[in-house]
1. If I filter the range 148-160 for residues that are of a type outside the set (Gly, Ala, Ser) and at pLDDT 85 or above, do I get at least one hit?
2. Taking the range 351-409 as the search range and keeping residues that are part of a helix (DSSP H, G or I) and away from the ligand (no atom under 12 Å from the Cβ), which one is surrounded by the fewest Cβ atoms within 10 Å (Cβ to Cβ)?
3. Restricting attention to the range 160-201, which residues are over 30 Å from Ser25 (Cα atoms) and among the hydrophobic types (A, V, I, L, M, F, W, C)?
4. Would you check if there is a residue in the range 116-127 being of a type in the set (Ser, Thr, Tyr), surrounded by fewer than 16 Cβ atoms within 10 Å (Cβ to Cβ) and touching a helix residue (DSSP H, G or I) at 6+ places or on another chain (Cβ under 9 Å)?
5. May I ask you to list the residues in the range 266-280 that are assigned to a helix (DSSP H, G or I) and either surrounded by fewer than 10 Cβ atoms within 10 Å (Cβ to Cβ) or modelled with pLDDT of 90 or more (or both)?
6. Have a look at Tyr132, Tyr154 and point out the one that is surrounded by 12 or more Cβ atoms within 10 Å (Cβ to Cβ), of a type outside the set (Gly, Ala, Ser), in contact (Cβ under 8 Å) with a residue 24 or more places away in the chain and not in a strand (DSSP E or B).
7. Do we have any residue at all in the range 438-450 that's within 11 Å of the ligand (Cβ to nearest atom), within 26 Å of Lys299 (Cβ to Cβ) and modelled with pLDDT of 90 or more?
Amino acid sequence: MGKSLKAKLSFDYALIALLCVFSISILANFFLEKQFSNYIIKNQYQKNHDIVNSISNGFQSESKWNIGVIQNVGIDAMQRGMIVSVKDKSGNTIWDATEYNNGVCKSMINHMSQNMIKRFPNFKGGYIEEGYPIVKNSVKIATVKIGYYGPFFYTDNDLFFLKALNTIIIAVGIFSLLFAVILGILMAARLSKPILNVINTTGKISNGKYEVRINKNSDIKEINELTSAINSLAESLQRHEMLRKRLTADIAHELRTPITTLQSHMEAMIDGIWEPSIERIKSCHEEILRLGHLVGDLKQLTDYESENISLNKSDFNVSSLVGNILMNFQGEFRNKDIKLETWLDEDIIISADKDKIGQVIVNIISNAIKYTNEGGLIKVTVRSSGNDAEIVIWDNGIGISKADLPYIFERFFRADKSRNRKTGGAGIGLAITKAIVEAHNGRIYALSEENKGTEFHVLLPKNGA
Ligand code: ADP
């Protein structure tokens, strides 16, 4: 037993969400950290220049400095993590943050080092000092030294920002995970409902309820295709079941009539009611022949349909074959006063079993004669149709009803109108005809309208493939 669709989809969706969030957080951290440290390094450079500019404003005249201005700049820098000292051109200290408050300076550097180690356990950084000259009228008048933790450092605010970002990513991750599981469950419900419906219906079909059908109400193309495949399977099983029942009834019917006739005739002769005259014995013989014919037809059909048909192929002219067969039917056309019109294109050569194709043509023409009233018309055409030779046999006879038309190629099928002994056949002719055409990879179909006439089309590949 595999996993349920619900479990499988929820798990897969959750896995995809997890992978996405994981890769986003790794990439975001990597690139952001890189960009952020570059930004901080650049910013530090800018800050240093701003400090030097502000300090140069504290210069009043030759060796006179406004200490108040310098101290304000120094204290402000200290609050932002930088230790400033200013020396005049002779090297005398004008102002020095460590002298102003050494304790704060030391704890500040310590705090930064802790911040960085906390963030990057292997961080290789330390205290850096950079010197900048203050130049007035092309003369260097002082040097400013700025010390800080380098190559860069994160303030508490920076660290807070990075932590908040990771918290957001984790929150998004948890949310998408929940969302993925819910989506998986919903998707599974959408998918599994029609699938369960199919399982349920196929179960019923396998129990012989061929009339059940599945409603096509899914908006998923493949599910709709599946349900239509199951529906057409049920339809064809239902049709086969109906034909099977009909077949049994038909065989019984076909056998009963001659057997009953034979039995009553024989009994009458045995009981001395009837004189066993030649006529009576002949009539019994005819019934026996009819039975033998029926069994022979059935055997032939079974052989053809079970692909036991062996084709003795040769190249021959279909038009000539049709012409010869029509010649043999001349007597029957005359007897029923049926007019015949023919269009037989010349040089239509096919590679096929000539005898069996002859049987196909004979079957269709004899049906046309059988089901056409006296004084009717039959038209026979042989023509090329692409790679096929096409034989069309048209009649203006009794026609076939819409309800019967789909079944005429089934064995024992006879439309009600033709169900009488006068028209002879047992309803096997067209089944044999179809089996022969299909063994040649050909196609046969009929068009018909009741009381107007019927048209049979036989298409046979010329190369016999
Ligand atoms: P049958 O021996 O009864 O003619 P077929 O298998 O040859 O059996 O034909 C099956 C049924 O198809 C016939 O019983 C008849 O109802 C119908 N059919 C065949 N050909 C024609 C036709 N040309 N016109 C009208 N009905 C036809």
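The values are calculated or read from the model by the stated rules, or taken from the named source; none is laboratory data. Values in this document were obtained by computation on a predicted structure and should not be read as measured data. Neighbour counts run over all protein chains shown; Cβ positions are idealised from the backbone, glycine included.
1. There is at least one residue in the range 148-160 that is of a type outside the set (Gly, Ala, Ser) and at pLDDT 85 or above.
2. Only one residue tops the list, namely Asp355.
3. We begin by selecting, within the range 160-201, every residue over 30 Å from Ser25 (Cα atoms); these are 189-201.
Within the range 160-201, Ala189, Leu191, Ile195, Leu196, Val198, Ile199 meet the criteria.
4. Narrowing the range 116-127 to residues of a type in the set (Ser, Thr, Tyr): 127.
Pick out the ones that are also surrounded by fewer than 16 Cβ atoms within 10 Å (Cβ to Cβ) and you get 127.
Now drop any that are not touching a helix residue (DSSP H, G or I) at 6+ places or on another chain (Cβ under 9 Å), which leaves 127.
There is at least one residue in the range 116-127 that is of a type in the set (Ser, Thr, Tyr), surrounded by fewer than 16 Cβ atoms within 10 Å (Cβ to Cβ) and touching a helix residue (DSSP H, G or I) at 6+ places or on another chain (Cβ under 9 Å).
5. As a first pass, look at the range 266-280 and keep what is assigned to a helix (DSSP H, G or I): 266-270, 278-280.
Residues satisfying the conditions are Met266, Glu267, Ala268, Met269, Ile270, Ile278, Glu279.
6. Tyr154
7. yes
Per-residue answers, yes or no, for (1) modelled with pLDDT of 85 or more; (2) closer than 30 Å to Tyr148 by Cβ:
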{"position": "Met1", "(1), (2)": "no, no"}
{"position": "Leu5", "(1), (2)": "no, no"}
{"position": "Leu9", "(1), (2)": "no, no"}
{"position": "Leu15", "(1), (2)": "yes, no"}
{"position": "Glu33", "(1), (2)": "no, yes"}
{"position": "Lys42", "(1), (2)": "yes, yes"}
